[in-house]
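The values are calculated or read from the model by the stated rules, or taken from the named source; none is laboratory data. Please read these numbers as outputs of a predicted model, since none were measured by experiment. Note that we place each Cβ from the backbone using ideal geometry, even for glycine, and neighbour counts take in every protein chain shown.
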């Protein structure tokens, strides 16, 4: 687990830094659950996942591959957070995205 602890900065103890990191992780988990709880949030997340190309190859045969891999990595992080904090909403999001529009 990575923290912002700096051994040369005596103002904050390691325990304080770890507590702040834990609180930040818990807040992020709650934010993901909140976002995935509404159709608007699921639609927004789906658009981000599509944009990042988590379900398509990043390979282009040239240096654009490196950019694509970076963007795809963001999408994989988003997807992992959904699966970790709101897995029950994943299938609902997919079904909503695939439903006929109109």
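In the stretch 4-52, the residue that is nearest to the chain's Cα centre (by Cα) out of those that are at pLDDT below 95 and surrounded by 15 or more Cβ atoms within 10 Å (Cβ to Cβ) is 21. For the stretch 49-58, residues that are assigned to a loop (DSSP other than H, G, I, E, B), touching a helix residue (DSSP H, G or I) at 6+ places or on another chain (Cβ under 6 Å) and within 27 Å of residue 34 (Cα to Cα) total 2. If a residue must be in a helix (DSSP H, G or I) and surrounded by 14 or more Cβ atoms within 10 Å (Cβ to Cβ), how many such residues does the stretch 77-91 contain? Number of matching residues: 7. For the stretch 53-72, residues that are under 23 Å from residue 98 (Cα atoms) and exposed (fewer than 13 other Cβ atoms within 10 Å of the Cβ) total 3.
Among the residues of the stretch 59-72, those that are assigned to a helix (DSSP H, G or I) and more than 19 Å from residue 44 (Cβ to Cβ) comprise 64, 65, 66, 67, 68, 69, 70.
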